[in-house]
Amino acid sequence: MNHSATAFAPASVGNIGVGFDLLGHAIDGPRDLATVRRIAEPQVRIDAIGGDIAGADTLPLDPRRNTAGGALLALREALGLPYGFALELHKGVPLGSGLGGSAASCVAALVAANALLDAPLPREALYRFALDGEAISSGSRHGDNVAPMLLGGVALATEARALRIAAPDWLHAVVVHPDQVLETRRSREVLAAPYPLADVVRQGAHLAQFLLGLQHDDADLLRDGLRDVLVEPRRAPLIPGFSAVKAAALEHGALGASISGGGPSVFAWFDARAAAERAAPAMRQAFVDAGFDARAYVTPVNAPAAEVVARSSAQPAPARAATGA
C-alpha cells in the first residue's frame, strides 16, 4: 500500500475565449505540486504551503477555506473513508493570474490522494470533488480549469461531467502572464449586466465553428470561431496592455487571441509551434511596453494532464500541528 504520493497539476487556459465556463486547455508550463499522506486520523489537515510564487505563504491552512483541502474533505465524505489525509502544497501557478492557480492546487491534491485509495477512482470521477474545491476560491462551480487539468488537452466542463475534446497536434498556444494580479471574483463582477440577444447568438455561432474546427482539423474554422464577443469586451479594460498583446499575436499570424480565464494572462492559438515561438517575444514585449514585466510560455494545446510523480510505502508520520500564515 502506498502511504504517500506526490502529484503535479498543470496551469490551464480557462474559457478559450468562446467557451465561458465551459472550455479550457492544459498548459505545459507552470504547475502545482501536492504531497498527500494517508493518516489514521479521520480528518484532512494542511501541514504546509510554500512555493516560488508571491502570496503562497498567505493561503489558508484551514482545509475548509482552501481549495485543495476542500476537495479532499469532499472526497473523504463522499467515500466514507475511515482514514484521513495530510497535505503539503508547493505552489507554482501564480495567484490571480487567469491560469487556474486555485484549481491546480485541488486537482494535484485529488490526484495524489486518489493514488492512496484502496480502490482508486477513474479520473473523471474526481471532477465533482475538484468542483467542490474550486467553488471555495471562485464562489461558483465552474470546471473550465479543473477539467483540462484532470484530463489534459482541451476539455469540455459541464455541471456534471468533464469530457476530453480531441484537438489536432499541430495546435500550439502562447500564454503570456504579466506582472499583474486580477482576482477571479472581480473579473466576474463586470459580467453581471444582461447581454443583447444578438451578441449571444453571435457567440453561439463562433463556438459552433470553433468546435467544428477542432473536429475537422480546420484552421480556418478555428480562426472564424475564436472570437469572443461576450466576455472579452467587458474584461479587457481590467488588463492594461491587453489590446496591444492581442494585436501582436494577430500580426504574427495567430488564429485568435483572448483572455485566459479571468485574466490578466493572455493566450493565442497558432497553427504550428514555429509560429507560436516567433510570436511569443512580441506578445511579451507588448506587456513590457505597457509597464509590466511578463513571462511567455509556448505550449502544445494537447498538453499533459495532472499525474502522480512520486509514491512511497513508508508508514505515515504521527499527526503534527499545522504551522504557517
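Before moving on, here are some points about what is shown:
- Prolate/oblate/rounded call for the stretch 134-211, Cα gyration tensor, a/c under 1.5 rounded: rounded
- For the peptides 287-298, 103-114, the ranking by packing is 103-114, 287-298, with the highest mean count of neighbouring Cβ atoms within 10 Å listed first.
- Whether the chain is rounded, prolate or oblate, judged on the alpha carbon gyration tensor where a/c under 1.5 counts as rounded: prolate
- Stokes-Einstein D (µm²/s) once Rh is taken as the Kirkwood radius of the stretch 172-300 over alpha-carbon pairs, at 4 °C in 1.567 mPa s: 86 µm²/s
- Treating r as the C-beta distance of residue 200 and residue 243 and R0 as 35 Å, the FRET efficiency rounds to 0.90.
- Whole-angstrom gap from the stretch 18-56 to the stretch 78-109, using each part's C-alpha centre: 3 Å
- Computed over neighbours whose Cβ is under 13 Å from that of residue 51, the net charge equals -2, Lys and Arg +1, Asp and Glu -1.
- Summed side-chain charge close to residue 105 - residues other than residue 105 whose Cβ falls under 12 Å, Lys, Arg +1, Asp, Glu -1: -1
- Net charge of the neighbourhood of residue 192, taken over other residues with C-beta under 13 Å away and scored Lys/Arg +1, Asp/Glu -1, is +4.
- DSSP beta bridges confined to the stretch 1-146 are antiparallel in about 70 percent of cases.
- With a simple spin-label model that places each label point 7 Å from the Cα along the Cα-to-Cβ direction, the separation between residue 83 and residue 220 comes to 5.8 nm.
- Cβ-based exposure ranking for 165, 16, in which fewest neighbours within 10 Å come first: 165, 16
- R0 of 41 Å, Cβ-Cβ distance residue 140-residue 313: FRET efficiency to nearest 0.05: 0.55
Since every read-out is calculated from the coordinates, none of them should be taken as a lab result. Model, not experiment: these values are computed from the prediction. Note that we place each Cβ from the backbone using ideal geometry, even for glycine, and neighbour counts take in every protein chain shown.
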